[in-house]
Amino acid sequence: MRFVLLLLLLVTAVPATAQSDWDDFAEAYASDEERAEDEELQLHLQELKELSEHPMNINTATVEDFQQLPFLSEAQIEQIHAYIYLHGQMQTLAELRLVPLIDDATRRWLSLFTYADPERQETDKRLFSHLRHDFSTRTDIPLYYRLGQQQEDGYRGDPLYQRIRYTVGNSQHFQAGLRMEKDAGERFYDSYGAYAMLHDVGLVDKVVVGDYRIGFGEGLIMGGSTWNSKSTPPLKTQGGIRHMAGMDETYFLRGAAVTLSLAKHLKLSTFGSYRKRDATLTDEGEVQTLRTDGYHRSRSEWERRRNVGSTAVGGNIQWNDRGFHLGATGYWQKFSRDLNPGTQQYREIYPKGNSFGAVGLNYGYTRYRLTFAGETAYSTAGGGWATINRASWNISKNYILSAVQRFYAYQYYSFYGSSLAENSNPQNESGILLHLQAEPLAGLQVTAYADFFHHPWPRYRMTHSSSGQELFLQGSYNLSRRQTLLVRYQLKRKENADIMEPHHRVKLDWTYEVRNRMRFQTTGYYHNVLGGNGFLLSQNARFFIKKPDLTLNAQLGYFNTDDYLSRIYLSSPALYSSVSSASYYGHGLLGVLTCRWKSKNEKLWIEGRYSLLHYFDRDEQGSGLQQILSPNKQDLSFQLRLKI
């Protein structure tokens with residue numbers, strides 16, 4: 001009977017080229033337009049893109065492996081493992097249709113990160129066997145000059161952006177990597193890092209030496225391994241230790257971390273880190289602001305470079321059995337200088353001193369279609385508490401209903417916290433989120449959520465406490481096998497400068513594929529706030545040419561907004577392991593063209609990218625040293641990748 005079902009699934013399966021499209025996934029994952037330029041979101045997308053380049057065998061993937069995928073819930077992970085346990089290894093990913101809680105959208109995204117290989121027996125105990133090497137280098141060439149390049153007291157380096165990445169490893173036990181980066185205007189490669197990682201070696205579940213990221217529980221204390229987006233169901237705990245895959249200069253630890261499997265259901269993790277941080281100092285030599293932009297172009301930026309040391313140690317113990325999980329996390333951190341954020345009202349709740357810590361408990365239970373989970377934490381920075389609790393009900397594979405309650409006292413602060421929040425970190429906020437993901441009809445996917453939040457302490461540019469609401473409704477319908485229509489409406493009411501700003505955003509998107517060789521996407525955006533209107537019309541075209549293996553991706557856009565408040569966010573085609581998104585305001589045109597060629601054995605990749613931004617309503621763009629004395633902005637990028 002299973003053989004007959006497999007034959008039917010293989011006949012009716014949609015071609016992989018239509019299902020495993022990275023651009024579609026990135027757009028869905030980062031659908032919160034306001035946070036499209038968030039540095040941590042960009043980092044998570046880079047990590048996920050690397051993961052898609054090294055997919056996992058679905059038959060041997062562990063819970064921790066699946067937890068790296070933001071769209072999978074605890075219940076769905078449990079169902080995949082239960083299916084393999086009851087029916088044996090999957091012969092093809094088409095079998096995911098037989099897993100009760102895996103819907104069409106989840107199956108589509110899984111094809112990006114997994115494959116099915118029932119014959120493969122990963123029993124090779126040699127740590128360094130079957131090594132694969134991956135080297136890439138990229139150079140960006142601006143076809144213009146910024147003011148910082150034309151002034152003696154401006155930028156100290158040339159206008160080129162350059163980066164180098166190298167990884168080596170196998171899928172069983174070992175992986176290592178090296179990265180170097182030079183931003184435009186910097187004199188040399190002043191951002192660099194490396195890591196080496198072993199996993200599944202005896203009692204050692206994972207050990208990383210060098211640069212790494214880490215997350216436990218719901219992310220209140222350590223939240224550096226999963227991105228929290230309102231547009232996706234809040235379904236999963238943090239994924240533990242993972243190596244540093246992106247080029248980020250801020251959101252990582254440097255030292256060593258290890259996870260040990262003490263027993264069948266018990267794991268212990270510990271970590272230590274020391275690194276230099278960029279900071280703006282007061283006249284007394286105290287830290288006023290920890291910098292996160294990573295730029296060291298001008299003399300003033302160079303003076304902020306790595307002038308405060310940060311030491312952090314901590315750990316986690318986690319127990320999992322029969323759907324229950326219980327864990328404890330804690331860390332202690334010390335800076336080489338005192339933190340003194342200043343006397344401005346919104347800064348009064350920022351941590352002061354040089355020694356900080358946080359402890360907390362995470363807990364949860366998953367039973368087939370129901371999931372309950374949460375975390376409660378306490379920080380020494382201000383003596384505050386924080387808690388987040390969530391519940392999800394997989395009514396069927398077509399309906400997922402979720403709710404999240406959060407309370408982050410304004411006295412609470414964790415330097416490594418990253419959990420569901422309207423603000424950039426879990427502090428000074430309480431709220432409740434209701435989320436529905438549904439497929440009421442074949443080919444129709446609906447996402448809806450309502451978020452209500454309150455900030456008791458005055459935020460930046462506010463003189464009193466504030467509240468807000470956000471409503472989101474999106475429908476995506478498959479008009480045919482090759483045509484998809486998406487409609488989205490988002491309303492956010494949030495106070496800014498003591499004025500309530502109601503943001504109305506609308507998105508219309510039509511996608512059409514032609515025989516898996518061409519793909520066209522027409523998108524329209526509209527944004528209204530405080531009487532100001534903005535709209536953007538974008539046309540994308542992608543062409544696949546198999547002989548030679550060539551991919552062309554083009555984008556042309558026209559935008560017109562009344563002011564900066566009504567700006568439009570847009571993602572653009574990017575090179576491998578990169579993400580490109582920006583906000584546009586004023587009146588202008590944008591264009592992007594990317595080209596990727598791969599050799600027959602896919603070991604050599606050559607890529608190029610050209611972008612153009614032209615304004616009709618101004619003769620210059622930008623401000624300060626970044627100013628360009630022209631209405632045009634043109635960039636060229638080249639990337640070479642070698643896989644052995």
*Which is farthest toward the positive dipole end of the chain among 391, 243, 526, measuring Cα position about the Cα centre, with Cβ charges +1 (Lys, Arg) and -1 (Asp, Glu)?*
243
*Taking only DSSP H segments of four or more residues, each worth -39500 (n - 2.57), what value at 222 nm results for the chain once the sum is divided by all its residues, to the nearest 500 deg cm²/dmol?*
-3000 deg cm²/dmol
_Gyration tensor (alpha-carbon) shape descriptor, the range 134-210, a/c threshold 1.5_ = prolate
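With a/c under 1.5 counting as rounded, go ahead and sort the range 71-110 into rounded, prolate or oblate using the C-alpha gyration tensor (a ≥ b ≥ c being the square roots of the eigenvalues; past the cut-off, prolate if a/b is larger than b/c, else oblate). Walk me through the numbers on the way to the answer.
Working: a/c = 2.11, a/b = 1.24, b/c = 1.71.
Because a/c hits 1.5 or more and a/b fails to exceed b/c, the range 71-110 counts as oblate.
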*Using every pair of alpha-carbon atoms in the range 558-600, split the distances into 10 Å bins beginning at 0 and state the percent of pairs per bin, rounded to integers.*
23, 41, 23, 9, 3
_Whether the range 502-644 is rounded, prolate or oblate, judged on the alpha carbon gyration tensor where a/c under 1.5 counts as rounded_ = oblate
*So what are the radius of gyration and Dmax for the Cα set of the range 273-407, in Å?*
20.2, 61
*asked:* Return the equivalent ellipsoid semi-axes of the chain as a descending list in whole Å, where each equals the square root of 5 times an eigenvalue of the C-alpha gyration tensor.
replied: 35, 32, 28
*Among 93, 449, 512, whose Cα lies farthest out toward the positive end of the dipole of the chain, if unit charges sit on the beta carbon of Lys, Arg (+1) and Asp, Glu (-1)?*
93
*Ratio of Rg to Rh over the range 313-355 (Cα coordinates, Kirkwood Rh, two decimals)*: 1.28
*Using the Cα atoms of the range 38-167 to build a convex hull, what is its mean projected area in square nanometres?*
12.2
*At a 1.4 Å probe radius, which order do 22, 332, 302, 605 fall into by accessible area, largest first?*
332, 302, 22, 605
*Which percent of the accessible area of the chain is formed by carbon and sulfur heavy atoms (probe 1.4 angstrom)?*
58
*Cleavage-rule hits, GluC sites (Glu not before Pro), the range 292-372, DSSP coil, Cβ neighbours within 10 Å at most 16*: 348
*Any lysines with Cα under 19 Å of the residue 206 Cα? List them, leaving off those in the same chain fewer than 8 positions away.*
125, 264, 267
*Could you state the accessible area per residue of the range 459-582 in Å², with a 1.4 Å probe and every protein chain left in place?*
48
_If Rh is defined by the Kirkwood formula over all Cα pairs and Rg also comes from Cα, what ratio Rg/Rh do you get for the range 419-503?_
1.13
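The values are calculated or read from the model by the stated rules, or taken from the named source; none is laboratory data. Given the structure is predicted, the values throughout are model-derived calculations rather than measurements. Using ideal geometry, Cβ is built from the backbone for each residue, glycine included, and neighbour counts are taken over all protein chains shown. Side chains are part of the model used for accessible areas, which takes the heavy atoms of the whole protein and leaves out ligands, DNA and RNA. Shrake-Rupley method; radii C 1.70, N 1.55, O 1.52, S 1.80 Å.
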